[in-house]
Amino acid sequence: MKLILVLGDQLSADLSALSAANKAEDIVVMAEVVAEATYVKHHPKKIAFIFAAMRNFARALQADGWNVRYTQLDDTQNAGSIVGELLRRMEETGAKEVLATSPGEWRLIEALEDAPLKIQILEDDRFIASLQEFEAWAEGRKALRMEYFYRDMRRKTGLLMEGDKPVGEKWNFDHDNRKAAPKDVSYSGPLPFEPDAITKDVLALVEASFPNHFGTLDGFNFATTREGALSALDHFITHALPRFGDFQDAMLSENKFLYHAVISPYLNAGLLGPLEICQAAEAAYKDGHAPINAVEGFIRQIIGWREYVRGIYFLEGPNYTSRNALEHKRDLPALYWGGETKMHCLSKAVEQTREEAYAHHIQRLMVTGNFALLAGVDPEQVHEWYLEVYADAFEWVEAPNTIGMSQFADGGIIASKPYVSSGAYINRMSNYCKSCQYSVKEKTGENACPFNVLYWDFLIRHEDRFSNNARMGNMYRIWNRMHEDHRATVLADAAIFLEKLDAGEVV
Ligand code: FAD
Ligand code: DLZ
Ligand code: SF4
C-alpha cells in the first residue's frame, strides 16, 4: 500500500501518479497547508480557487472509488506542510512509500526529494512536450526561439496542419492580431459561477485565515470543478474566440477581459488539458465559426508559449528566479500593492488584479512589467509579485514569463530584446491615456507621461548591452538625432521621477 500525493495544481483524473496507483489498495493524500498558501502571500481568490477545486476533486475521486485522506486547512492535526502531511499520513496508515507526480516548482521538488521518506516521483505528462523532448530540441541551438519550437508542436499534434504544411500556408498570423482597442466589446466576459456549498465554506475559511494578503474575495466566481471549467471553455469558444485574435493586445479602462479566455487557472490547476482546449479551438475554425488568425493565435499561446516556458524553467534550473542580468536593484514600488498613483494604466491594471486575480497578457507585459523594467526594479521582487497576485501563477509558468520575457533578467534566453515601450504603445493599444493625469503626448516636463522619459533612460542606462542589438539600433539612432538639450532634459526628468518614486511620493 502506497500514499498517492495529489497537489493543488494536479487536479487531473489522468495524473501520472493516479494512473500508476492501485485504486484498491493505495491511499490518495491531499492537503490544504499553510506553507503552500503563504510561502508567498497568494491572492485570496487564488487560494480559494485552489482549495475549493481540491475539495471538489477529492469528492470526485471518492465517488470514483478512491480512498482519499483529505486535510482541510483548519484540521487540528494539520501538519502545515506537504512533507509534514505525508509523514503524518504514513504514520497513521502504516504506508511505507509515496508515489507523486513531479511538482511544478523546484522548491517543492527539492522538499520532496530531501524528505525523510521513500518516494517515487513520476514525470508530469499533462503537457504536449516532455522535458526530455524539450532538452533534445534545445541541445546545440544558439538561440531558443519559441517560434521554431512551436512549429514542432504543430507537427507533433497535427493541430492546424494539412499534411506537413500549416493551414493557411503560414505558421503565424500575429500580424493580424494587433488591432487597437475596440469602442464596443460585444462579449460580456468569462462565464461566472455562483459559489457552491463547498466553495462558500472555503471562502469563509480563506477570509478568516489570510486577512493580510493582497486582493479581495468579493465576487468570487471561478469554476471549481472540471465540468464547470469545460463550460467556461465552451462559453469562450462560442462567444469570444472569433474576435480573440483581432483584439489580443488591446486594453480598455472599463473592460477587464476583452476577448480573452481566462482559462489559465483551470488549465494550470489540471481541470482542463492543453490538447482538448486546442482541439476545441481547431474545431471552431473547421466549422467556420472562428477565423484562422484567432484560432492560430490562441493555439500558439498554449502549445507554443506555455510549453516553451515550461521547458525553459526546467532547463535553466533552480536559480532561474534569482537571475538579474541587468543588475536592477530598486524595490518594488508601493503602487503595485494598490498605493496611489497618477498613472492611470498602472492604477487600472493593479486595481483589476486586486479584484480578479487576473490581468491579461499585455497588461502584465506592457503595463506592470514594462514599468518595473523601465524603472529598474529588482526582478526577484517583480517575480514574487506576479507569483502572488494571479490565480494562474505557478512558478514553472510564471517565472519564465516574468524573469525572462518581461524583465530580461535571464539576459535574453526567452526574449531577443527587452519588452519596453514609451507611452505611445500603451496609448495606441488602449484608452487608458485619455483618463490619465499625465499627458502621453508630452515628452518632457512634470506633466509628461513617465513612460516617455523612463523609456530613454532605460535605453541609455543599458546602451552597452543593447545598442548593437539589430532590433534596437534604430532607437539609438533616433536618440542620437535628438537635440543635445532635449536629451539632457529627458534624462534629468527621469532621474527626478525615480527619486520621487523612491521617496514614496505619489507619482
Ligand atoms: P489568453 O490570452 O486567452 O490565452 C489563452 C491561453 O494561452 C492562456 O490561458 C494560457 O494558458 C496560454 N498562454 C498565453 N500566453 C502565455 C504565456 N506567455 N505563457 C504561458 N501560457 C500562455 N500565464 C500563466 O498561465 N501563469 C502565470 O503565472 C503567468 N505569469 C505571467 C507573467 C508575466 C509577467 C507575463 C507577461 C505573462 C504571464 N503569463 C502567465 C502569460 C499570460 O499572461 C497568461 O497566460 C494569460 O494572461 C492568461 O489569461 P487567459 O487565460 O485569458 O489567456
Ligand atoms: C498554490 C497552492 C496553494 C495556495 N495551496 C496549496 C495547498 O494547500 N496544497 C497543495 O497541495 N497545493 C497548494 N498549492 C499548489 C502548490 O503550491 C503547487 O503544487 C506548487 O507550487 C508546485 O506547482
Ligand atoms: Fe500610462 Fe502614460 Fe498613458 Fe498615463 S499617459 S495612462 S502613464 S501610458
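The values are calculated or read from the model by the stated rules, or taken from the named source; none is laboratory data. No experiment lies behind these values; they were computed from the predicted model shown. Glycine gets a Cβ as well: all are built from the backbone with ideal geometry, and neighbour counts include every protein chain shown.
Data table
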| item | result |
| --- | --- |
| Among the residues listed as 391, 424, the single one being among the small types (Gly, Ala, Ser), within 16 Å of ligand 2 (Cβ to nearest atom) and at pLDDT 95 or above | 391 |
| Some residue of the stretch 149-161 being loosely packed, with under 12 Cβ neighbours inside 10 Å and either in a strand (DSSP E or B) or within 25 Å of the chain's Cα centre (by Cα) (or both) | no |
| Residues of the stretch 366-384 satisfying the condition of being surrounded by fewer than 22 Cβ atoms within 10 Å (Cβ to Cβ) and under 22 Å from residue 264 (Cα atoms) | 384 |
| Counted residues, the stretch 8-29 - those being away from ligand 1 (no atom under 16 Å from the Cβ) and either farther than 18 Å from residue 269 by Cα or within 24 Å of the chain's Cα centre (by Cα) (or both) | 12 |
| Filter result for residue 471 (at pLDDT 95 or above and either in a helix (DSSP H, G or I) or loosely packed, with under 15 Cβ neighbours inside 10 Å (or both)) | no |
| Residue 231 being closer than 25 Å to residue 103 by Cα, hydroxyl-bearing (Ser, Thr, Tyr) and more than 16 Å from ligand 3 (Cβ to nearest atom) | no |
| 1 or more residues on the phi < 0 side of the Ramachandran plot and among the β-branched types (Val, Ile, Thr): qualifying helices (runs of 4 or more DSSP H) within the stretch 33-144 | 34-38, 44-63, 82-93, 106-114 |
| Any pair with Cβ under 8 angstrom, 6 or more apart, that starts in the stretch 383-397 at a residue that is in the same structural domain as residue 349 (by TED's automatic domain parsing) and of a type in the set (Ser, Thr, Tyr) and ends at one that is within 13 Å of ligand 2 (Cβ to nearest atom) and in a helix (DSSP H, G or I) | 386/398; 390/46; 390/398 |
| Filter result for residue 347 (free of Cβ contacts under 8 Å to residues at least 24 places away in the same chain, over 18 Å from the mean Cα position of the chain (by Cα) and over 21 Å from residue 145 (Cα atoms)) | yes |
| Failed criterion for residue 402 (all others in (1) of a type in the set (S, T, N, Q); (2) surrounded by fewer than 24 Cβ atoms within 10 Å (Cβ to Cβ); (3) in contact with a Phe, Trp or Tyr (Cβ under 6 Å, 6 or more places away or on another chain) hold) | (2) |
| Some residue of the stretch 433-448 being assigned by TED's automatic domain parsing to the domain that holds residue 368, buried (at least 24 other Cβ atoms within 10 Å of the Cβ) and in contact (Cβ under 8 Å) with a residue 24 or more places away in the chain | no |
